[in-house]
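A.B. asks: Below you'll find the structure I mean.
Computed from the coordinates by the stated procedures, all read-outs in this text should not be read as laboratory data. Not measured: the values here are computed from a predicted model. Don't worry about glycine lacking a Cβ; one is built from the backbone with ideal geometry, like all the others, and counts go over all protein chains shown.
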């Protein structure tokens, strides 16, 4: 396979430093193209992130924004948005917040749409199971530099198969007609997997607490995100099934990468809804990739498909779940393998994990991967981490005409 295209990597640090009580996590950016908001010469890049309580597990506060109007020469923020992107109160002392959010430009409506899901807390602890969850979304006003209040998308059978359903950390695909293919991962109310009769197409009879992944076709009119249908459902019998799926379109085929506790997986589709059986991620020499229990995301160039991931066996046993450094490598789209000799370090490790990240197509010359050093467990700073928020800029040698 021809290995192309070439690129350089430039690593920018947007901010750093932490108070050992909270840290910035979930740093994900979206790009508003030139001319869409009166910006005549440069795209606008809007990054959201949120504070994590270090004493808890996945305890998040309001989404906060950073923004650059000049390709990273200057950044504004962090700017909190507590009234529109903050926690909300529910009966029984429950608080709910939008989290794991990924902004992306929606060309058909000319809006920056961020998708993620809810998290619910009692005090500063996750609400006990069974814990409902719905996909969440928010729309950005680039002129007012403000976010509209976050909303949730209704799903069928919300008290059954889709009781806990989210689009957190997902890469979506926007179709030419404005419809959205949004990857979801879900569990039923009983924390088990729905039956085959309830959701035909499930890949296996997985055990207790397993999640299934599916892709939802949605409509978005610039204000409201509405569910239309979903494709087949995918899972494995390995612990927790499939979580945090991410989707891309490359040369008229859809590629879905999937998180699993034991190993990462990949599946392909011709229509973006109905996928073949998932395969474990491997290198082109047959060895397993070594990614497990964390995300992988796509970097898509018109001339090549790339995966960004973390893995074992990188002198990183001191990093929680081997979630750093961040690697990038080209994928063989026919064999569905990672080409080992194309692997490069995108973001180096300093002891902290880098597993929660995102990709944004900035312009034909640059694609950015944004991530923060997640400062858990305590003591990871002894290896040099400082809760840095990074933009790893992939600078293409040939223009990327991929939309």
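A.B. asks: Projected area of region 20-127, taken from the Cα convex hull and averaged over every viewing direction, in nm²? Please report the intermediate quantities before stating the final value.
C.D. replies: Numbers: hull surface 31.0 nm².
Mean shadow area of the hull around the Cα atoms is 7.7 nm².
A.B. asks: Taking 37 °C and 0.692 mPa s as the conditions, I'd like the Stokes-Einstein D for region 9-396 in µm²/s, using the Kirkwood hydrodynamic radius from alpha carbon pairs.
C.D. replies: Rounded, D is 158 µm²/s.
A.B. asks: So how many Å³ per residue does the convex hull of the Cα atoms of region 238-304 work out to?
C.D. replies: 92 Å³
A.B. asks: Just the number: Rg to Rh for region 247-403, Cα atoms, Kirkwood Rh, two decimals. Display every interim value, and only then the final one.
C.D. replies: On the way: Rg = 15.5 Å, Rh = 16.0 Å.
Radius of gyration relative to Kirkwood radius: 0.97.
A.B. asks: Here is a follow-up. Let me check against my output: what whole-number percent is the relative contact order of region 7-103, with C-alpha pairs under 8 Å and at least 6 apart?
C.D. replies: Computed value for region 7-103: 24 percent relative contact order.
A.B. asks: What base-10 log of the normalised intensity I(q)/I(0) is obtained for region 27-75 from the Debye formula, alpha carbons as equal point scatterers, at q = 0.13, 0.22, 0.24, 0.33 Å⁻¹?
C.D. replies: Values, matching the q order: -0.40, -0.75, -0.83, -1.16.
A.B. asks: Provide the packing ranking of 94-101, 144-151, i.e. peptides ordered by the mean count of other C-beta atoms within 10 Å per residue, highest first. Kindly include the intermediate steps, with their values, before the conclusion.
C.D. replies: Values: 94-101: 22.5, 144-151: 16.2.
Put in order of decreasing packing, that is 94-101, 144-151.
A.B. asks: Right, here's the next one. Report the Rg/Rh value for region 321-403, based on alpha-carbon coordinates and the Kirkwood definition of Rh. Can you show the working numbers first?
C.D. replies: Numbers: Rg = 14.7 Å, Rh = 14.2 Å.
Reported Rg/Rh, Kirkwood definition of Rh: 1.03.
A.B. asks: Work out, in µm²/s and without decimals, the Stokes-Einstein translational diffusion coefficient of region 315-361 at 4 °C, 1.567 mPa s, Rh from Kirkwood over C-alpha pairs.
C.D. replies: 108 µm²/s
A.B. asks: For every helix of n ≥ 4 consecutive DSSP H residues, a contribution of -39,500 (n - 2.57) applies; sum these over the chain, divide by its total residues, and give [θ] at 222 nm rounded to the nearest 500 deg cm²/dmol.
C.D. replies: Estimated from H runs of four or more residues: 0 deg cm²/dmol.
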